[in-house]
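Reading through the structure tokens given below for one structure.
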Amino acid sequence: MPLIRVLIGALVLIGLLVLPAGSGPGDRLLPSARAITAEHPDIWAGASWARGEHVLVVGRPRGLVAELAAPADRGSRTVARVWGRPVDAVILVPATTEQAAALAAPARVTGLAALAGVDRVIVEPSGFARLSAAGRRVVITHELTHVATDAAATGHLPAWLVEGFADYVGYLDSGLTAGAVAAELAADLRAGAPPRALPDRADFAAGSPRRAQAYEEAWLACRYIAERFGERRLVALYRAAMRTGRDGGEGIDGVLRATLGISTAELTRSWLAYLPTVILR
Ligand SMILES: [Zn+2]
């Protein structure tokens, strides 16, 4: 296991934030961390920082900041293994939901544990606090996948592919079973109410009654593709979808046919048949 260098310190607010000096593996993140924290200096007064190989964590409380650098680095390496290149990001840990909302605006933080920007991950502290250690690793890896795949700039991709791929990477090394992860969807299947289609963008929105199921369905769609066609084809599908235009419907059907040789309808049928085999056993 590679040596994880995690350095911990305290930020001092004197005009600009004083971030770590010296030579650390995460030093290339210092300029963006300075720029990002300067956007909301009031939020980061007295904050702590912890530096990993691929992440720089800023925020409070100090214990949480220190704890996050190592699992976030592991997440970055998982992203690199799947996506083909490492991802570097500043991880922001504000003290309150209101601060997280200010950092994320215009994106909404309602119901989320964390969210990704172009070069950063923003933790929503109350949602994050409800997660187990394993759940936190999954969420951070999910968000780092969004950073690596430039999700903030690829809004034309189908939501099931964006969220499903991020969860596919997020859950890879989690050791969690599909039945445990997809508990809400399993309950729907047991109640004789399976989904009829891949989840669309509205299903993932804050306040959607099927938001939990939407994430579970999207994750299992990507897991199904990886199991049937191989992880490299799943990545090829994602990359091809990024290259297509902004036409989500027609676009993804063509990309599926070109990269996997199946239509959206065929994928949907196969995925629906796959769901009970992995979450009800
Ligand atoms: Zn996501």
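The values are calculated or read from the model by the stated rules, or taken from the named source; none is laboratory data. Predicted, not measured: the structure shown is a model, and the values here were computed from it. All Cβ positions, glycine included, derive from the backbone under ideal geometry; neighbour counts span all protein chains shown. Just the protein is used for accessible areas: all its heavy atoms, side chains included, with ligands, DNA and RNA removed. Shrake-Rupley method; radii C 1.70, N 1.55, O 1.52, S 1.80 Å.
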Query raised in the report: Which residue pairs have Cβ atoms closer than 7 Å, lie 6 or more positions apart in sequence or on different chains, and pair a first residue in the stretch 129-145 that is charged (D, E, K, R) and open to solvent by 60 Å² or more (accessible area, probe 1.4 Å) with a second residue that is outside any helix (DSSP H, G or I) and more than 11 Å from the ligand (Cβ to nearest atom)?
Result: 137/174
**Report entry** Residues (closer than 21 Å to residue 150 by Cα and of a type outside the set (A, V, I, L, M)) located in the stretch 53-70
**Finding:** 53, 54
Query raised in the report: Condition test on residue 126, is it exposed (fewer than 15 other Cβ atoms within 10 Å of the Cβ), hydroxyl-bearing (Ser, Thr, Tyr) and away from the ligand (no atom under 16 Å from the Cβ)?
Result: yes
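Can you pull out the residues in the stretch 260-281 that are of a type in the set (A, V, I, L, M) and touching a residue at least 12 places away in the same chain (Cβ under 8 Å)?
As a first pass, look at the stretch 260-281 and keep what is of a type in the set (A, V, I, L, M): 260, 262, 265, 267, 272-273, 275, 278-280.
Scanning the stretch 260-281 gives 260, 267, 272, 275, 278, 279, 280.
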Query raised in the report: Can you tell which of 137, 108 is touching a Ser or Thr at 6+ places or on another chain (Cβ under 8 Å) and away from the ligand (no atom under 11 Å from the Cβ)?
Result: 137
Requested in this report: Could you look through the stretch 142-177, keep only residues that are of a type in the set (Asp, Glu) and within 12 Å of the ligand (Cβ to nearest atom), and pick out the one that is nearest to residue 204 (Cα to Cα)?
Outcome: 163
Query raised in the report: Name the helices (runs of 4 or more DSSP H) wholly within the stretch 206-275 that hold at least 3 residues that are more than 16 Å from the ligand (Cβ to nearest atom) and over 25 Å from residue 148 (Cβ atoms)?
Result: 248-259
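Test of understanding: among 131, 115, 103, 92, which residue is more than 12 Å from the ligand (Cβ to nearest atom), in a strand (DSSP E or B) and not β-branched (Val, Ile, Thr)? Steps first, answer last, please.
On the way: 131 fails: in a strand (DSSP E or B); 115 fails: more than 12 Å from the ligand (Cβ to nearest atom); 103 fails: in a strand (DSSP E or B).
It is 92.
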Query - Scan of the stretch 146-188 for residues that are buried (at least 21 other Cβ atoms within 10 Å of the Cβ), over 19 Å from residue 88 (Cα atoms) and charged (D, E, K, R), ordered by number - result: 163
Report task. From the list 28, 85, 60, pick out the single residue that is within 30 Å of residue 223 (Cβ to Cβ), open to solvent by 60 Å² or more (accessible area, probe 1.4 Å) and out of contact with any Leu (no Cβ under 8 Å at 6 or more places or on another chain). Result -> 85
Report task. Give the residues of the stretch 89-111 that are under 20 Å from residue 163 (Cα atoms) and crowded, with 19+ Cβ neighbours inside 10 Å, sorted by residue number. Result -> 89, 91, 104, 109
Query raised in the report: So which residues in the stretch 112-123 are within 13 Å of residue 89 (Cα to Cα) and open to solvent by less than 30 Å² (accessible area, probe 1.4 Å)?
Result: 115, 117, 121, 122, 123
